[in-house]
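The values are calculated or read from the model by the stated rules, or taken from the named source; none is laboratory data. This structure is a prediction, so every number in the text was calculated from the model and none was measured. Neighbour counts are summed over all protein chains in view; Cβ atoms, including those assigned to glycine, are modelled from backbone coordinates with ideal geometry.
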Amino acid sequence: MKKAVISLIIALTLGMGIVFAACETGQTQCSSDGKYIQLCFNGVWAPFFKECSSGCTTRTGVATCEEELQSGCCQHHWWSFMSGCYLTTGGCDQGFFDTYHQGNCYDVEACLRENLKQINVQIEQLAGSQYRVSVEYNKEVVIIVVGAGSKVQVATGPSGSKYVGVTPELAAGQYTITIYDGLTKIYSTALTSQGEQSTSQEFIYYVIQPGDTLSKIALYFQAQGGVFEPITVELLMAYNNLQNSVIIAGAKLKIPKIDVTREVSMLADSLNPSSINARQAPVFSQNYLMSNEEFLNYLSINANQIENYIVNKGYWWKDHTLPSGARLSDTIVNLAQAQRINPLLLLAKIQSENSALAQPLTEAQMVNLLGCKEDDPSWAGSENQLRCAAWDLRRLFEEGYIYEIIGKSIPAVTVSENKPAVTSFDVYPRNAATYALWHYTPWTWVYPPSAGGNIQFITVYRRYRGDLLG
């Protein structure tokens, strides 16, 4: 089966990071490869598409599938948009006998509804003129900010019982924040932005020198360590709204000054382990492998639970210890808790990387037990591999989480896919947990009924989680 990874972010940026409407709600266009119809909602080309079996055309003045023109009507089964507007708003879905109309097949405005609710919404000003919007709701919402001649859709992600998004920097002025459940407006409120405020604790300015490159600047600040250690070329581009790596001597760059290690530890320490354990286990979805809370739930299980599981399953480890004499179960939990990551991550990685939980391996085979830093001999050996995996998963999580802190999209990860020949595709992580897991294991493969990489990892993780937590 052919699989496609489709992601679309089209925005026009001006001044203080305000994103102006790139299109009008209801507009359609053909994708560049001519296979899909793309649809605009609230000023952005939304990542929801109709696939045209005979190709997309605009010869009638509106993006249309060839098969619809040939049959004389819009196909009734073709889309559901943001869980709110199903089928079409006229034409063939009403008895399937109406004459085709350009207007009634794609009239998204006709789907918009209003059903205001009493929901808990918190708006908190962050550094500069950015705002964090937290919405307590039972499913993901769409947040739209309109004002000062601009319209922006704010990306959201789950955080406990809330969905949280961070606006771009808002120039001084009046704004309206509207929250949608699908295409239904459920909440609206006014916001007055005072513009950028003093944020000396959050970033510093660097004046670009002749001969500087983003790579050179990133390496310079990494060498300073501390809050500057996470600085990368990608982070500098995102933080400064740069479309490419071209910089000009004399211009200023904002250098984020964020203690991401502290922020992640605070998030981990704020979690309720039993509440997270009661949630549904992660299901493989390539852009969202698991929640941040699941990843950081470092008190999810204890060493005795793991040890009893190993013994009851009759696994090889029940009669063996690590070279230091420590039990595998104790080492997993101690390392995970030290790094504030879920011990289940290490348990599942041992099995998914080398099938080393359920079957015996020699110490020579355990040299790369968890596939961590395989080209660095200082990390060789079972105990070093466990330490490496715990450290690297936490480090990669922080690398991704800093983008969530500053309210920017997390960079795509290029993933290898082993078929008869090796190909690759891009994954667009929706959160730091997904970013970390794909960077740790940047490959996958499927040979039915078997699968590898992160497909296999999530399968193993679900099984162990279910067995240990019920």
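Key figures for this structure:
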| quantity | calculated |
| --- | --- |
| Top-ranked residue of the stretch 212-227 - restricted to ones that are of a type in the set (S, T, N, Q) and surrounded by 13 or more Cβ atoms within 10 Å (Cβ to Cβ), ranked as farthest from Ile247 (Cα to Cα) | Gln222 |
| Among residues of the stretch 253-270, those that are part of a loop (DSSP other than H, G, I, E, B) and among the basic types (Lys, Arg), counted | 1 |
| Of all residues making up the stretch 138-150, the number that are buried (at least 20 other Cβ atoms within 10 Å of the Cβ) and either in contact with a Cys (Cβ under 9 Å, 6 or more places away or on another chain) or not aliphatic (A, V, I, L, M) (or both) | 1 |
| Checklist (1) exposed (fewer than 14 other Cβ atoms within 10 Å of the Cβ); (2) in contact with a Gly (Cβ under 7 Å, 6 or more places away or on another chain) applied to Ala281, failing item | (1) |
| Leading residue by the ranking (surrounded by the most Cβ atoms within 10 Å (Cβ to Cβ)) among those in the stretch 256-273 that are of a type in the set (Gly, Ala, Ser) and at pLDDT 90 or above | Ala268 |
| Members of the stretch 325-341 that are over 31 Å from the mean Cα position of the chain (by Cα), outside any helix (DSSP H, G or I) and surrounded by 13 or more Cβ atoms within 10 Å (Cβ to Cβ) | Ala326, Arg327 |
| Residue check for Gln224: under 23 Å from Val460 (Cβ atoms) and free of Cβ contacts under 8 Å to residues at least 24 places away in the same chain | no |
| Criterion (assigned by TED's automatic domain parsing to the domain that holds Ile332 and over 30 Å from Val415 (Cβ atoms)) met by exactly one of Asn292, Asn304 | Asn304 |
| Qualifying residue in the stretch 183-205 (condition: outside the structural domain of Glu398 (by TED's automatic domain parsing), under 25 Å from the mean Cα position of the chain (by Cα) and on the phi > 0 side of the Ramachandran plot) | no |
| Qualifying residue in the stretch 278-295 (condition: modelled with pLDDT of 95 or more and among the hydrophobic types (A, V, I, L, M, F, W, C)) | yes |
| Condition check for Leu219: hydrophobic (A, V, I, L, M, F, W, C), over 30 Å from Leu271 (Cα atoms) and in a helix (DSSP H, G or I) | yes |
| Selection count, the stretch 271-324, where residues are under 30 Å from the mean Cα position of the chain (by Cα) and not in a helix (DSSP H, G or I) | 23 |
| Residue in the stretch 347-356 that is part of a loop (DSSP other than H, G, I, E, B), assigned by TED's automatic domain parsing to the domain that holds Tyr461, more than 23 Å from Met290 (Cβ to Cβ) and modelled with pLDDT under 95 present | no |
| Enumeration of residues in the stretch 364-382 that are in contact (Cβ under 8 Å) with a residue 12 or more places away in the chain and either in contact with a strand residue (DSSP E or B) (Cβ under 9 Å, 6 or more places away or on another chain) or crowded, with 18+ Cβ neighbours inside 10 Å (or both) | Met366, Asn368, Leu369, Leu370, Cys372, Gly381, Ser382 |
| So Val146, is it in contact (Cβ under 8 Å) with a residue 12 or more places away in the chain, farther than 27 Å from Gly400 by Cα and among the aliphatic types (A, V, I, L, M) | yes |
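Residues are listed down the side, and each one gets a yes or a no for (1) buried (at least 23 other Cβ atoms within 10 Å of the Cβ); (2) modelled with pLDDT of 90 or more; (3) within 17 Å of Gly453 (Cα to Cα); (4) not assigned by TED's automatic domain parsing to the domain that holds Glu294:
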| position | (1), (2), (3), (4) |
| --- | --- |
| Ala358 | no, no, no, no |
| Lys408 | no, no, no, no |
| Pro411 | no, yes, no, no |
| Ser424 | no, no, yes, no |
